[in-house]
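Encoded as structure tokens, the structure appears first; notes follow it.
All of the numbers you see were taken from the coordinates with simple rules; none came from a lab. Computed from a predicted structure; not experimentally measured. Note: ideal-geometry Cβ built from the backbone for every residue, glycine included; neighbour counts use all protein chains shown.
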Amino acid sequence: MGKLKWGMIGGGEGSQIGPAHRLGALADGRFEFIASALDHRPDVGREYALRLGLAADRAYGDWQEMLAGEKDRSDRINLVTVATPNSTHFEITKAFLEAGFNVLCEKPMTMTVEEGEEIQKIAAKSDAICAVNYCYSAYPMVRQARDMVRLGEIGKVRLVVTNFSHGHHGDATDADNPRVRWRYDPAMAGVSGQFADCGIHALHMASFIVGDEVETLSADFASTILSRELEDDAMVNFRMSGGTVGRLWTSSVAIGRQHGFDIQIFGETGGLRWASEQPNQLIYTPVGGRTQIIEKGEGGLHPDAQRLSRVAIAHPEGFPLAVANIYCDLADAIAGETRDGLPTAEAGLRSMAAVHAAVRSAKENGAWVDARPPMFR
Ligand code: NAI
């Protein structure tokens, strides 16, 4: 099989996530970059695409033009990535899925639960793959943690504690900066600020490693910078389908914390800890035993962690390679292989249901509410 043909919408010059997708998609030579609508300004997007080496007839000005141009071609793209701002994900993902394209959508997949259910239904009926870029789940040592839990190496999981708390929006004098302000403005960001932006990565990770879904939650939201309408700090307690107790703190005002994403899983016979700032290491403590550091690339890892360890032991492995692992799993899935680690539309929908449940709970003083999408109750 030759290279798969790949297209991207959004992720233009200067965007935050665009470079990670280009590096990730192209890292292994399994995709070639063929078509794009990179920018909300058509001419700017076209011009950048030409500089990136795309042919002029496939450097589209907007996604509608790209869909019209690609859908009837015999050499049409095999995969499209949607890396635009959140409010556009639903209509673009829906349109491409309905035309039979495989889609990798950025998180959050949609703005509402109803939209999420619609995408899930379209994806379930179609042969096309709909994946969501929960890329942290593709770090090799996260896969190691997941397989250790699956194989019972820490016993039944009692408790999961996770944080995604940084301090980069903690400067009140910067709150009106347009690049910061939109994230706390309901018209631009939807019903939730920090929880929908970063908290859902942590919530997805808890389900991914533990292997159970979030069923109920209770949330406390705060806008610690008072001019913000949406929350910049949230504490969410949750319960999972297998009985695991969950605690999640997410914040954008935690000055001194940088990336700030970590997770601890406490089982009956051991505990695990992984932190995105030291992604090559998984910390494991068996009950009554010594704490051990399990290192990416070392011998004896479980097969998925071994497969996704791309760089020799002791050399650092970074964020774009986790995105590259998502693209590798997509290439395998497009070729018909089963890749059960690939985050799908169902994961995107479950996150949206949790965001809306957390908003409801926070408004009701932390009342416990059902966090499952109606179609999965
Ligand atoms: P950004 O604001 O830095 O870049 C957005 C890009 O999309 C710009 O190039 C803009 O011109 C383009 N764009 C906007 N509307 C468009 C349209 N209708 N058609 C074509 N292009 C359009 O945004 P950023 O931070 O790159 O975020 C984009 C998405 O990626 C968001 O949904 C965000 O939540 C997600 N993201 C995910 C991360 C992850 O860890 N998975 C990390 C960072 C962002």
Next on the checklist: What distance in nm lies between label points placed 7 Å from Cα along the C-beta direction at E13 and R360?
Outcome noted: 4.6 nm
Next on the checklist: Can you give me the C-alpha center-to-center distance between segment 109-140 and segment 57-76, rounded to a whole angstrom?
Outcome noted: 22 Å
Checklist entry - Relative to the present Cα-Cα distance, how much length would full extension add between S223 and E65 at 0.36 nm per residue of separation? => result 52.9 nm
Checklist entry - Ranked by Cβ crowding within 10 angstrom, fewest neighbours first, how are H40, H166 ordered? => result H40, H166
Item to check | Top positive-direction residue, dipole computed over segment 333-377 with Cβ charges, set A354, A367, G341 | outcome: A367
Checklist outcome for this item: Quick calc, segment 87-180, dipole around Cα centre from Cβ unit charges on Lys, Arg (+) and Asp, Glu (-), nearest 20 debye, gives 600 debye
Next on the checklist: For the chain, give me the percentage of DSSP beta bridges that are antiparallel, rounded to the nearest 5 percent.
Outcome noted: 60 percent
Next on the checklist: Please compute the contact order of the chain in relative form: average sequence separation of alpha-carbon pairs under 8 Å and at least six residues apart, divided by the residue count, as a percent.
Outcome noted: 20 percent
Next on the checklist: What does the extension gain come out to for F319 and D185, with contour length at 0.36 nm per residue minus their alpha carbon separation?
Outcome noted: 45.4 nm
Checklist entry - So for T173, T344, T81, T291, fewest C-beta neighbours within 10 Å to most, what's the order? => result T173, T291, T344, T81
Checklist entry - At a Förster radius of 30 Å, what calculated FRET efficiency corresponds to the Cβ-Cβ distance of Q264 and A367, to the nearest 0.05? => result 0.70
Item to check | Dipole magnitude of the chain, debye to nearest 20 (Cβ charges: Lys/Arg +1, Asp/Glu -1, about Cα centre) | outcome: 660 debye
Checklist outcome for this item: Checking D332, D340, D147 against a Gaussian network model of the chain (alpha-carbon springs below 10 Å), the top fluctuating residue turns out to be D340
Checklist entry - Rounded to the nearest 20 Debye, what is the dipole magnitude of segment 136-295 about its Cα centre when Lys and Arg each give +1 and Asp and Glu each give -1 at the C-beta? => result 500 debye
Next on the checklist: Taking R0 as 45 Å, what FRET efficiency do you get between D174 and D127 from their Cβ-Cβ distance, rounded to the nearest 0.05?
Outcome noted: 0.45
Item to check | FRET efficiency for T216 and L26, using Cβ-Cβ distance with R0 set to 35 Å, rounded to 0.05 | outcome: 0.25
Checklist entry - What is the P(r) of segment 1-150, as percent of Cα-Cα pairs per 5 Å bin from 0? => result 2, 9, 19, 22, 20, 15, 8, 3, 2, 1
Next on the checklist: Which residue fluctuates most in the GNM of the chain (Cα springs below 10 Å): A362, A27, A314?
Outcome noted: A314
Checklist outcome for this item: segment 269-377: relative contact order from alpha carbon pairs under 8 Å, six or more residues apart, as a whole percent, is 13 percent
Next on the checklist: Please compute the length gained on full extension between R377 and Q278, using 0.36 nm multiplied by the number of residues separating them and subtracting their Cα-Cα distance.
Outcome noted: 32.0 nm
Item to check | Cross-link partners of K71 among lysines (Cα-Cα below 18 Å; sequence separation of 8 or more within a chain) | outcome: K5, K94
Checklist entry - So which residue, out of H259, H315, H169, gets the largest mean-square fluctuation from a GNM of the chain using Cα contacts under 10 Å as springs? => result H315
